[in-house]
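Data first, discussion second: the structure below is written as structure tokens.
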Amino acid sequence: MNRLEVRPGSKVRLAKVDPADTSAFGGTKRSARKESERLVRELDHLQELLYACHADPVLVVLQALDTGGKDGTIRHVFQGVNPQGVRVTRFRVPTPVELDHDFLWRVHIDTPAKGEIVIFNRSHYEDVLAARVDHLVPPRIWRRRYRSINEFERTLVESGTTVLKFFFHISRDEQRRRLQERLDDPTKHWKFSPADLAERGRWPLYIPAIEEMLDRTSTPWAPWYLVPADKKWFRNWAVSRILVDALKRRKLAWPPLPADAKNAQIP
């Protein structure tokens, strides 16, 4: 999976990354789906172990352009886990109270506690993407946020949190197909908004913003994974594999029976 990791200090150029590339798996769509099913079962076991041990938490950050697959990833990768130990947080337009604080104030309160996996469906990175593209703050503000984000994530990692960040890279043609599907399929009408078309029109502005985000915030303690996402089956497999591998490296073991319960008799 190292092929998907954005090396700290590298210069990402999305035009050179094929959104339909699935070579990191090296197998067929059918075999990837079968492997993903196995990984989902393994994630269920590892998540229960993490929760039982009250171990250091995991933060999963999902970023993408519209239709990039954040919701689908959550639905497929986390379909078997116990909801007690997993939370999903979405960051919408800041409220007046949130705007009265620094931009990370509302983010920090939603980071995971021990034993938890928390998924950010969009995240603090909107403050260097949408805030930049939509001119919500002046350049002098969003430019210094890269350093704030890096130090924020360093604080989380030094406190024991594992931070896994995924950017789903789709092509403009694939985005068009997915948006058209939302118009054509009555079960997906609720997903469509005219604002999606406005955001699509800003595609040329988002590309350099995404590239700079990846360049400046892929760090040794919290690197980005740049996932080709035109093929949903590959995207799901890649996220599952990276998450399972990260949890397995913890080498967690089931907590022992409490000392005062070793001689317990069930009446």
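Bear in mind these aren't lab numbers, they're just calculated from the coordinates by the rules spelled out. All figures in this text were calculated on a predicted structure; none of them were measured in a lab. Cβ atoms come from the backbone with ideal geometry, glycine included; neighbour counts cover every protein chain shown.
A few remarks follow.
- Each Lys and Arg adds +1 at its Cβ and each Asp and Glu adds -1 at its Cβ; summed about the Cα centre, the chain shows a dipole of about 660 debye.
- Backbone HN-Hα couplings from phi across region 234-244 [Karplus 6.51/-1.76/1.60, Hz, Gly and Pro as x]: 6, 4, 5, 5, 4, 5, 4, 4, 5, 5, 4
- Our summary gives region 2-250 a relative contact order of 37 percent, counting only alpha carbon pairs under 8 angstrom and 6 or more residues apart.
- In region 1-129, Cα pairs under 8 Å separated by at least six residues give a relative contact order of 32 percent.
- Taking 0.692 mPa s as the viscosity and 37 °C as the temperature, the Stokes-Einstein diffusion coefficient of region 1-157 based on its alpha-carbon Kirkwood radius rounds to 182 µm²/s.
- Selected from Pro94, Pro139, Pro194 as most flexible by GNM, with the chain as the system and alpha-carbon contacts under 10 Å: Pro194
- A Cα-only calculation for the chain places Rg and Dmax at 19.7, 70 Å.
- Pairs beyond 28 Å (Cα-Cα), from Lys191/Lys231; Lys114/Lys231; Lys165/Lys231; Lys11/Lys114; Lys11/Lys70; Lys29/Lys70: Lys114/Lys231; Lys11/Lys114
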